[in-house]
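The values are calculated or read from the model by the stated rules, or taken from the named source; none is laboratory data. In this text, all values refer to a predicted model and were calculated from it rather than measured experimentally. Here the Cβ positions follow ideal geometry from the backbone for every residue, glycine too, while neighbour counts run over all protein chains shown.
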Amino acid sequence: MEKVYSKPRLLTDAVMHYCPGCSHGTIHKIVAEVIAELGIESSTIGVSPVGCSVFAYKYIDIDWIQAAHGRACAVASAVKRLEPEKMVFTYQGDGDLSAIGTGETIHACNRGENIAVIYVNNAIYGMTGGQMAPTTLVGMKTSTSPGGREVNIHGYPFKVADMVAQLEGVCYVTRQSVHTPASVRKAKKAIRLAFENALAGKGLSFVEVVSSCNSGWKMSPVGANEWMEQNMFPFYKLGDIKV
Amino acid sequence: MAKGRVEIDRERCKGCEVCIGACPVSILALSSSVNGKGYAYAEAVLPEKCTGCANCALVCPDGCIEVWRD
């Protein structure tokens with residue numbers, strides 16, 4: 001028999017600290033696969049955020065910088081300008097990118113920095129204990145909105161991908177997920193295209209991955225994926241937003 | 001004769017069960033014993049039915065699964 005699948009070469013042997021069933025692990029795997037397939041492991045620099053994925057540098061065997069909270073796009077802009085031959089990407093959650101890092105993200109997008117942004121949106125602050133995020137759905141219960149998010153108090157959930165698609169510096173915006181085999185294959189193609197765009201100097205590529213946070217949502221991993229299909233996807237619609 | 005084979009790193013597995021639902025021929029199940037971290041782990045209970053499609057490995061967040069195919 002021929003081996004048809006094994007752990008990606010660039011994924012380290014370190015056991016990931018993520019909760020069982022967390023989407024981060026799957027996204028890490030496809031990022032590692034794309035970098036290996038493009039043969040750019042020695043010329044790729046990742047910028048990791050503050051949040052659960054702060055330790056991304058322990059799991060994917062490339063060069064990393066860990067940015068201050070929300071500042072990954074600003075750090076990546078500087079790295080790309082100083083090292084224009086490198087492929088530079090950020091890996092950020094919604095608490096990092098769409099809250100404290102909104103300004104850095106929008107302006108990096110608007111300047112058309114030649115970087116790729118991987119945005120993992122699970123509609124909650126996972127690491128700090130499941131607090132409400134700007135992306136939390138209306139009516140969704142979190143530790144700081146125990147009665148559910150209310151529009152007249154907390155405003156509306158923030159669709160960052162749709163917003164940055166309006167900016168001229170952004171060449172590619174897509175929204176994907178990684179909860180089924182088919183969706184993993186599609187998300188991998190999207191990340192590959194984003195990295196190719198960054199290498200080709202086409203501008204900023206923005207890949208949102210709608211994800212589950214089963215421990216923050218107080219669900220089982222499989223139950224969280226089902227809840228995501230029923231509740232997240234109608235609002236955060238999957239597919240290409242700008243190509 | 002199975003067309004495929006899966007090998008699951010039981011010490012790395014966290015028992016999230018995402019692979020179990022992804023298997024089109026339902027050959028995976030959670031073990032009744034636990035690994036060193038205290039998690040029940042995924043195992044192939046009907047290995048002869050494996051087609052080697054690698055769907056389980058694709059969705060495994062922890063990269064625990066290796067797949068072989070004829």
Quiz item: In the stretch A:1-22, how many residues are at the interface with chain B (Cβ under 7 Å from one of its Cβ atoms) and either among the aliphatic types (A, V, I, L, M) or touching a residue at least 40 places away in the same chain (Cβ under 8 Å) (or both)?
Solution: 8
Quiz prompt | Qualifying residue in the stretch A:59-71 (condition: under 26 Å from residue A:102 (Cβ atoms), in contact with an Asp or Glu (Cβ under 7 Å, 6 or more places away or on another chain), among the small types (Gly, Ala, Ser) and at pLDDT 95 or above) | solution = yes
Practice problem: Identify the single condition in (1) in a helix (DSSP H, G or I); (2) under 22 Å from residue A:53 (Cα atoms); (3) of a type outside the set (Phe, Trp, Tyr); (4) more than 14 Å from every other protein chain (Cβ to nearest Cβ) that residue A:184 does not satisfy, given that it satisfies every other one. | Solution: (4)
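Of all residues in the stretch B:21-48, count the ones that are free of Cβ contacts under 8 Å to residues at least 24 places away in the same chain and either on the phi < 0 side of the Ramachandran plot or among the charged types (D, E, K, R) (or both).
10
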Quiz item: If you scan the stretch A:109-128, which residues turn out to be in contact with a Gly (Cβ under 8 Å, 6 or more places away or on another chain) and either part of a helix (DSSP H, G or I) or more than 17 Å from residue A:177 (Cβ to Cβ) (or both)?
Solution: A:109, A:110, A:111, A:112, A:113, A:114, A:125, A:127, A:128
Quiz item: Taking into account only those residues within the stretch A:166-191 that are under 25 Å from residue A:74 (Cβ atoms) and surrounded by fewer than 18 Cβ atoms within 10 Å (Cβ to Cβ), which is farthest from the chain's Cα centre (by Cα)?
Solution: A:168
Practice problem: Considering only the stretch A:136-158, state which residues are buried (at least 16 other Cβ atoms within 10 Å of the Cβ), in a loop (DSSP other than H, G, I, E, B) and in contact with a helix residue (DSSP H, G or I) (Cβ under 8 Å, 6 or more places away or on another chain). | Solution: A:136, A:137, A:140, A:157, A:158
